[in-house]
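Q: If you scroll down you'll find the structure; I have some questions about it.
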Protein chains: 2
Amino acid sequence: MLVTFLGTSGSIPTANRNLPSMAILRQSELFLFDCGEGTQRQMFIARVGFGRKTKIFITHMHGDHVLGLPGLFQTMSLLGREEPLEVFGPPGLQKFIEAFKKTVQFGLTFPVIVEEIRDGRSLYETRDYSIRCAQAEHSIPALAYGLFEKERPGRFHPEKAMALGIPKGPKWSQLQYNEPIALEGGRIVTPKEVTDPRRPGRKIVYSGDTKPSARLAKFAQGADLLVHDSTFGDDLQEKASEEGHSTASQAAQIAEQSKVSFLALFHLSARYVNPKILLEEAKQFFTNVFVAEDFMTLNISYKKT
Amino acid sequence: MLVTFLGTSGSIPTANRNLPSMAILRQSELFLFDCGEGTQRQMFIARVGFGRKTKIFITHMHGDHVLGLPGLFQTMSLLGREEPLEVFGPPGLQKFIEAFKKTVQFGLTFPVIVEEIRDGRSLYETRDYSIRCAQAEHSIPALAYGLFEKERPGRFHPEKAMALGIPKGPKWSQLQYNEPIALEGGRIVTPKEVTDPRRPGRKIVYSGDTKPSARLAKFAQGADLLVHDSTFGDDLQEKASEEGHSTASQAAQIAEQSKVSFLALFHLSARYVNPKILLEEAKQFFTNVFVAEDFMTLNISYKKT
């Protein structure tokens, strides 16, 4: 699973940081979190691809988080996309999308399915993962999102199955997918007898714009990667609080409470031309922390069990 | 007068070319022609400035030419702009601006004055220059724009005025600004006796998206710089015609007819990773031609008289 930061600045872009967007590529599926102005160009440069099965998750309706949608739709259309595109976000998203579809001339070649989220819950679920959201604490209604992989089957041991007299075939599958089976003589074999314990899936949480929040600390519990609002340094903690943002230190304290594996400082104010100070402040509270940079790609591997 | 290309691609951005926008800086005044997605970030990088007296001219309502407006307004607001901002463009512009003001949350700190242009004419005129427009030939209603400086007074020769017995003072001014004056004895002195001939102003024409057009060739007559749609090469002349665009060769033929000083090939399709072929095709028809590149800045000086 690859995480690529497409834009890491807050509110205003800089020469090195575009407006917020983060891509997760899981197998052949693309998940985009926020879509600031210029995201489509960042996607070109990062070679993320425009034709994939894609879902977009918008945290809130501030311009710097959504204004890249119209251009992305136009480019996908120019490239002939036909696959439907699903976009999730807070109330107001549908109206925004309708407004630019009506007032800018471009021929959409694919259906856009907008789902406005009115409560925190699982938004989308497959056999392998779910995408969930939680209310963040910002100046306007805002959401955090998480990709939660489900537990994977433990390693199957064919030699143990053979020793129990289970022939290779559908019964092996059943055991692998955690179902007990009956042998011909009536003996029941439980999955535990032939497989290792189930292995945890991976978990990535994207906070969007938010003040430090106990709810989000819980939501991010045990995540492999927490990407958290770190707009300001300690010098501007009051401003952060007033505007519904976090400082890098506060993000680190959330990471520490959540016992995440890694914290990415994200959504940096343009004033921190050198973000080293933010990193140093965060390190006081949490060691495995780094500053997200545009085009940085992380390979999130499974935790060793 | 400085011309800076902020984005030189057509329809889809590339790693090296952002969506269309061109800035003219004349004295302390900024004129922006088109505002593709990402223009605000290009303005940051080019250090064009967000607080100046600014007018924006939109050629047509295709997304790649207007989608940078909302983010630019938001950034100007975050930077505390109070000066009104004037935006000129075709019918539909007002509705587009109203739509995103209603559906995206950002607090505008300055008045936006939108003027929809329904006929080709002089849009704005001062003592020193006018901005004019002309209908282009595209797939939807589209405009070309030109900045036309007025003639400047010819050089004034104080020694000639002295020799004629004209005292230093308001009469010198009158002569410089092309008004005859009367001496005390009744003799009339004409401006010609004490000044060189009036000098031509500078002229820059921006075609926007257009097929080759006799009307625009006339509009651009004698321009110092013509920035012209050059979306395709000769290989795609048919496609260019179908979609309301020009090839580089066609742009060069217009430049030749208009007797402009320089032609910039602009709005290049993303397929021309190396635009050398476009330049070579254009050179068959017009010598003083170059490919516009993002962040290229030209100093347009007065023609020698």
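The values are calculated or read from the model by the stated rules, or taken from the named source; none is laboratory data. Because the structure is predicted, anything quoted here is derived from the model rather than measured. Neighbour counts are summed over all protein chains in view; Cβ atoms, including those assigned to glycine, are modelled from backbone coordinates with ideal geometry. When the accessible area is computed, the model is the full protein with side chains, heavy atoms only, and any ligands, DNA or RNA have been set aside. Shrake-Rupley method; radii C 1.70, N 1.55, O 1.52, S 1.80 Å.
Q: Share of Cα-Cα pairs in the stretch B:180-294 beyond 25 Å, in percent? Write out the running numbers ahead of the final one.
A: Numbers: 2184 of 6555 pairs.
Everything past 25 Å amounts to 33 percent.
Q: On the principal axes of its Cα set, how long, how wide and how thick is the protein assembly as shown? Give whole Å, largest value first.
A: 133, 57, 36
Q: Report, to the nearest whole %, how much of the accessible area of the stretch A:13-161 belongs to carbon and sulfur atoms, 1.4 Å probe, protein only. Show your work: numbers first, answer last.
A: On the way: 2630 of 5460 Å².
Roughly 48 percent, rounded to a whole number.
Q: Continuing with the same structure: In degrees between 0 and 90, to the nearest 10, how far off the longest principal axis of chain B does helix B:93-103 point, with axes built from Cα atoms?
A: Its long axis makes an angle of about 60 degrees.
Q: Charges at C-beta only: +1 for Lys and Arg, -1 for Asp and Glu. How large is the resulting dipole of the stretch B:18-161 about its Cα centre, in Debye rounded to 20?
A: On the way: 18 positive and 17 negative charges, 68 e Å.
For the stretch B:18-161, the charge dipole is close to 320 debye.
Q: Let me ask something else about it. What ³J(HN,Hα) values, in whole Hz, does the Karplus curve 6.51 cos²θ - 1.76 cosθ + 1.60 give for the stretch A:188-205 when θ = phi - 60°, with x put for Gly and Pro?
A: The phi angles translate into 8, 10, 8, x, 3, 5, 10, 10, 6, x, 4, 9, x, x, 8, 9, 10, 10 Hz.
Q: If amide H atoms are built 1.01 Å from N in the plane of the peptide, which residues on other chains or at least 5 residues away come under 5 Å of the amide H of A:Glu115?
A: A:Val87, A:Phe88, A:Gly89
Q: Name the residues of the stretch A:3-29, by number, that are at least 30 Å² less accessible with every protein chain in place than in the isolated chain; the surface is that of heavy atoms, probe 1.4 Å, without ligands or nucleic acids.
A: A:Ser11, A:Ile12, A:Pro13, A:Ala15
Q: Still on this model: Go ahead and estimate [θ] at 222 nm for chain A from helices alone: -39,500 (n - 2.57) per DSSP H run with n ≥ 4, summed, over the residue count, rounded to 500.
A: Per the formula, -7000 deg cm²/dmol.
Q: How high is the relative contact order of chain B? Use alpha-carbon pairs under 8 Å, at least six apart in sequence, and give a whole percent.
A: Computed over chain B, the figure is 17 percent.
Q: Okay, moving on. What lysines could a cross-link reach from B:Lys171, if we take a straight Cα to Cα line under 21 Å and drop same-chain neighbours fewer than 8 places away?
A: B:Lys160, B:Lys192
Q: Simple spin-label model, 7 Å along Cα-to-Cβ: B:Lys101 to A:Lys304 in nm?
A: The modelled label-to-label distance comes out at 6.0 nm.
Q: I've got another one for you. Per residue, how much accessible area does the protein assembly as shown have with a 1.4 Å probe, in Å²? Provide the component values of the computation, followed by the final result.
A: On the way: 25980 Å² over 610 residues.
On a per-residue basis, 43 Å².
Q: Under the rule of at least 5 residues apart or a separate chain, name every residue whose amide H is placed under 5 Å from the amide H of A:Lys53.
A: A:Leu30
Q: Something else about it: Residues of the stretch A:58-78 with accessible area at least 10 Å² lower in the all-protein-chain context than alone (1.4 Å probe)?
A: So the qualifying set is A:Met61, A:His62, A:Gly63, A:Asp64, A:Leu67, A:Pro70, A:Gly71, A:Gln74, A:Thr75, A:Leu78.
Q: What is the sum of charges, Lys and Arg at +1 and Asp and Glu at -1, for the other residues whose Cβ falls under 10 Å from the Cβ of A:Leu30? Let's see the in-between values first.
A: Numbers: positive: A:Arg26, A:Arg52, A:Lys53, A:Lys55; negative: A:Glu29.
Cβ neighbours under 10 Å give a net charge of +3.
Q: A further question on this structure: Residue-wise, which Karplus ³J(HN,Hα) couplings in Hz belong to the stretch A:6-13, taking 6.51 cos²θ - 1.76 cosθ + 1.60, θ = phi - 60°, and x for glycine or proline?
A: Rounded to whole hertz, the list is 9, x, 10, 8, x, 6, 10, x.
Q: If I stretch the segment between B:Glu116 and B:Ala15 completely, what's the gain in nm (0.36 nm per residue apart, minus their alpha carbon distance), one decimal? Kindly include the intermediate steps, with their values, before the conclusion.
A: On the way: separation 101, 0.36 × 101 = 36.36 nm, distance 3.30 nm.
33.1 nm is the gain from fully extending B:Glu116 to B:Ala15.
Q: Please compare each pair in A:Lys211/A:Lys276; B:Lys276/B:Lys303; A:Lys55/B:Lys239; A:Lys211/A:Lys283 to a cut-off of 23 Å on the Cα-Cα distance and tell me which ones are over it. Please list the in-between numbers first.
A: Numbers: A:Lys211/A:Lys276 21 Å; B:Lys276/B:Lys303 29 Å; A:Lys55/B:Lys239 33 Å; A:Lys211/A:Lys283 19 Å.
Correct reply: B:Lys276/B:Lys303; A:Lys55/B:Lys239.
Q: Also, quick follow-up: Using a 1.4 Å probe on the protein heavy atoms only, what accessible surface does A:Tyr124 show? Give it in Å² to the nearest 10.
A: 50
Q: In degrees from 0 to 90, rounded to the nearest 10, what is the angle of the helix A:248-258 Cα long axis to the longest principal axis of chain A?
A: 20
Q: Can you tell me the convex hull volume per residue for chain A, based on C-alpha atoms, in Å³ to the nearest whole number?
A: Numbers: hull volume 45.6 nm³, N = 305.
In chain A, the Cα convex hull volume per residue is 149 Å³.
Q: Now, a different point. Across the stretch A:122-132, in residue order, what do the Karplus-derived ³J(HN,Hα) couplings come to in whole Hz, using 6.51 cos²θ - 1.76 cosθ + 1.60 with θ = phi - 60° and x for Gly and Pro?
A: Values per residue, Gly and Pro as x: 6, 8, 7, 9, 10, 4, 9, 7, 9, 10, 10 Hz.
Q: Taking the Cα centre of the protein assembly as shown as origin, sum charge times position over the Cβ atoms of Lys and Arg (+1) and Asp and Glu (-1), and report the length of that vector in debye to the nearest 20.
A: Working: 74 positive and 68 negative charges, 97 e Å.
So the dipole magnitude of the protein assembly as shown works out to roughly 460 debye.
Q: Total accessible area buried between chains B and A, 1.4 Å probe, in Å² to the nearest 100?
A: On the way: alone 14430 and 14420 Å², together 25980 Å².
Result for this pair: about 2900 Å² buried.
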